[in-house]
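The values are calculated or read from the model by the stated rules, or taken from the named source; none is laboratory data. A quick note: this is a predicted structure, and the numbers were derived from the prediction, not measured. Counting neighbours? That spans all protein chains shown, and the Cβs are built from the backbone with ideal geometry, glycine included.
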Amino acid sequence: MVRNQLVDSRDLRFVLFEMLHADGLSRFERYSALDRDAFDATLDLAEQMAVEKVYPANAASDRNGARYDPETKNVAVPGEFKDVIAYFNEAGFSGIGGDPAWGGMGMPETICRAVMEYFFAASVSFTMHVSLSVGAANLVRNFAPEHLKKLYLEKMTAGAWGGTMCLTEPDAGSDVGALKTKALRQADGTYLITGQKIFISSGENDLYENIVHTVLARIEGDPPGTKGISIFLVPKYLANPDGTIGGRNDVVCSGIEHKMGIKGSATSSLSFGDNGRCVGWLMGEERQGMKIMFQMMNEARLDVALQGLAVSSSAYLHAVSYAKNRVQGSDPLSKGSANCVIVKHPDVRRMLLWMKSNVEAMRMITLLAAHSSDLAHAEQGEAAREAQALLDFLIPLCKAGNTDLAWLVTAEAIQVYGGYGYCADYPVEQLARDSKILSLYEGTNGIQSMDFAMRKLLMNPGMYNYSVFKKRLGETMDLASKSVDPTYVAVMTKALGSIEQAMDFLAKKRDAGDMAAVFAAATPLQQAFRMLVHGWMHLWSMALCAPKLKEISGGLEEAALKEFVRDNSEAAYYYGKIISSRFYIGSELYKIFGMVEAILAGEPAVADSFEEIFTGALE
Ligand SMILES: Cc1cc2nc3c(=O)[nH]c(=O)nc-3n(C[C@H](O)[C@H](O)[C@H](O)COP(=O)(O)OP(=O)(O)OC[C@H]3O[C@@H](n4cnc5c(N)ncnc54)[C@H](O)[C@@H]3O)c2cc1C
C-alpha cells in the first residue's frame, strides 16, 4: 500500500462506511452494480495515483506555472500535468460520476467526492483542470440538446476534451446579472456570441484536444439582470458530424493571470466573437441560464469545499510528520529529557489537535452533504425532500466554512514547521498560497454567508431547512446520550440554545426592517453556525467511536488503555477520534458563546459607518 501522506484513508473510510453507510447506496437501482469492494478498489487506486503521479507534479507546477504565448494566443500548462492527465484518464477518473451510457463509471457522488479529496490534496492546480471539465460535462449531459451530446459528451467523459464555466466579466463578478456578453439568434437555430470573460479557469490550455465552454450570455432583446440570462455551449473547435475535431471557433485567449497560488491552473481572459463568427448553441431554454447554473451551483460549491478540506488535510498531515521528526528543546513534562521531538510540546500538540479536529469536521460535513445529494436524487417523496433540504442547508456552510478554515489550517501548519514552514523548500507555504483563492471563487464567502443567513434561515419559508437540520441533530444527541460523557452533550445543547437566541435576535431586526443589522451579521452568524455543525459532526463521531474503542480494548481503565492504544493501530485510530472530538466540543466550541454574544450585543457600528469614514486611502 502507498505511503499515506495527504489524506487519512482510515478516517475517510470511517466517514464513508461507519458513519454514512455509503455502501448502502447500492440498494438503489442506479448503483446496484456497485458494492463496497468496488468502492474500496476505486479509493485505493485514487490514493495511489494521487500520491505517486499527481503529487510529484505539484511543486514543479507551482514553480513553472501556466504560460501564455501572445503570438499564438495559446497557453501551455506545466509539462508535468500532461503525463498525469494521461494516467488520470486511463484510469477513468474523468468520468467517475459520469453516466455509463456516455462512458462514465456511474459512481455515486459520495464516492466521487471522496476520490477527489485525494486528487485535490495532491494538487489543486491539476485537479482544477479536471474538475471544471467534469462540471461542464455535467451541464452538457443535463441540458444540451441530444445532437450536441452525441458530438461532445463522450469525449468530455473520457477526459479527451475539457470544459469551462464562463460567468465572470470585468463588470460582473459577484453580480452575475450585470454581464454584457451577447447572443444573437441565427436562422439555423445557433447563436452568435460576442463578449469578454475573465478569470476563466482552464479557459485556454494544451491539456485537452478541445475545450467546451459553457457561457452565460444575454440574448439580444432579453431583459437586464439575472432574469435575461441564457447559457450556451461554445466549443473551441467545432465538432465534425462524425465527432472528430473540425474548424476553429471564434474564441481566443487574450491573456492569463499571474497569481498568488494555483499557478498551474490557467486563469484565462477569453474574447468571444472578435470576428463576428463565434457560434454557440443554447442549453436548456432561453432565459433559463441562471436557473440552470443554480442547479450546478451546489455541485461546484461542494467541489470548492472539498478543495478546502483536501488542502487542509495535506497541510495537517505534513505538519504531523514534521512534528514527529523535528528535534528541539527538552521534554517539558519529563525532566532532563533532551533531544525532544516537538510533537511532545503541549503547545505543538494543541496546534495539531486544532488542525486534526477541524480537518475531520470538514470531512464529515462535506461527505454528509455529498451523501445527502445522492439521497436527494435516489430517494422518493419526503425522504428525497429532506435530503435536498439538508444539502441546501449545508452547502454554504461547507463552502464558506471549509475554505475559511483552509487558510487558517495551512497557516497553522506553517506555524508547526517554524521558520522552515515559511520557506519554499517545504510544502506548506504553497498549500497556504493555493488555499486563499478558495474563499473567493464560486461565490465569495461573503456571498455564501448572505445565502445562508437569508435564504436558508431568516427568509426561509417555514424554516424547513433548519427544521431538518435540527431533527438530524436531535437524532445524534439521542444516540450520543447512550455512549458519550453527558458533559459533551450538554455543551452541544447549550450551543444550540445560544444559536437560536442569535436567530431570534436577527429575526426581530428583520421584522423591524433593520436590514443593515441583518446583513452585517450574516458572516458572524454563518461562522457561529459552522461551529455548531462541526460540533454536531464530532458528537456523532464520538457516539460511534466510543463503543468501538470499548469493544476493541475490552473496556480498560485510562492508564492501561493508553498503553494498549500505543500498540494497536485500530484502537489508536478510535482513541484519536475521541480525543479530537473532545478537543472540539470541550474546548473549541466554547468560542461559539462569545461569537453569539457579539451578535446579541447588536453594536450598530457597521450600520453607522459610510464611505467617507474610511479616510487615508488613495482615491
Ligand atoms: C483564480 C481564479 C479562478 C476563477 N475561476 C473562474 C471560473 O472558472 N469561471 C468564472 O466564471 N469565474 C471564475 N473566477 C471569478 C470568481 O468567481 C470571482 O472573482 C468572484 O465571483 C468574485 O468576483 P470579483 O472578483 O469581481 O469580486 P467582487 O464581486 O468585486 O467582490 C469584491 C468584494 O465585495 C464583496 N461583495 C460584492 N458584492 C457583494 C454583495 N452583494 N454583498 C456583500 N458583499 C459583496 C465580495 O464578497 C468581495 O469581498 C475565478 C477567479 C479567480 C481569481
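With respect to the conditions (1) in contact with a helix residue (DSSP H, G or I) (Cβ under 8 Å, 6 or more places away or on another chain); (2) away from the ligand (no atom under 16 Å from the Cβ), V124 lacks only one, and its number is (2).
Looking only at region 565-611, residues that are among the β-branched types (V, I, T) and either within 23 Å of I552 (Cβ to Cβ) or not in a helix (DSSP H, G or I) (or both) come to 4 in all. Inspect region 223-233 for any residue being away from the ligand (no atom under 15 Å from the Cβ), in a strand (DSSP E or B) and in contact with a Lys or Arg (Cβ under 9 Å, 6 or more places away or on another chain) and give the result as yes or no. Within region 223-233, one or more residues are away from the ligand (no atom under 15 Å from the Cβ), in a strand (DSSP E or B) and in contact with a Lys or Arg (Cβ under 9 Å, 6 or more places away or on another chain). Among residues of region 595-619 that are at pLDDT 95 or above, those with a beta-carbon under 9 Å from a residue that is basic (K, R) at least six positions away or on a different chain give the pairs G602/K509.
Within the option set E117, E71, E80, being acidic (D, E) and farther than 20 Å from G203 by Cα holds for one residue only, E117. For region 316-373, how many residues are in a helix (DSSP H, G or I) and either more than 23 Å from A22 (Cβ to Cβ) or of a type in the set (F, W, Y) (or both)? Of the residues in region 316-373, 22 are in a helix (DSSP H, G or I) and either more than 23 Å from A22 (Cβ to Cβ) or of a type in the set (F, W, Y) (or both). Considering only residues of region 417-468 that are more than 16 Å from the ligand (Cβ to nearest atom), of a type outside the set (A, V, I, L, M, F, W, C) and outside any helix (DSSP H, G or I), which is farthest from the chain's Cα centre (by Cα)? Checking each candidate, the answer is D425.
Applying the criterion of being polar (S, T, N, Q) and either within 15 Å of the ligand (Cβ to nearest atom) or assigned to a loop (DSSP other than H, G, I, E, B) (or both) to the residues of region 194-215, the residue that is nearest to the chain's Cα centre (by Cα) is S201.
When E299, E257 are checked against the criterion of being within 25 Å of G446 (Cβ to Cβ) and modelled with pLDDT under 95, E299 stands alone in meeting it. Candidates in region 174-193 are the residues that are near the ligand (Cβ under 10 Å from one of its atoms), in contact with a strand residue (DSSP E or B) (Cβ under 8 Å, 6 or more places away or on another chain) and not β-branched (V, I, T); of these, the one that is farthest from A136 (Cα to Cα) is A178. Among the residues of region 245-279, those identified as in a strand (DSSP E or B) and within 16 Å of the ligand (Cβ to nearest atom) are V251, C253, S254, G255, I256, T267, S268, S269, L270, S271, F272.
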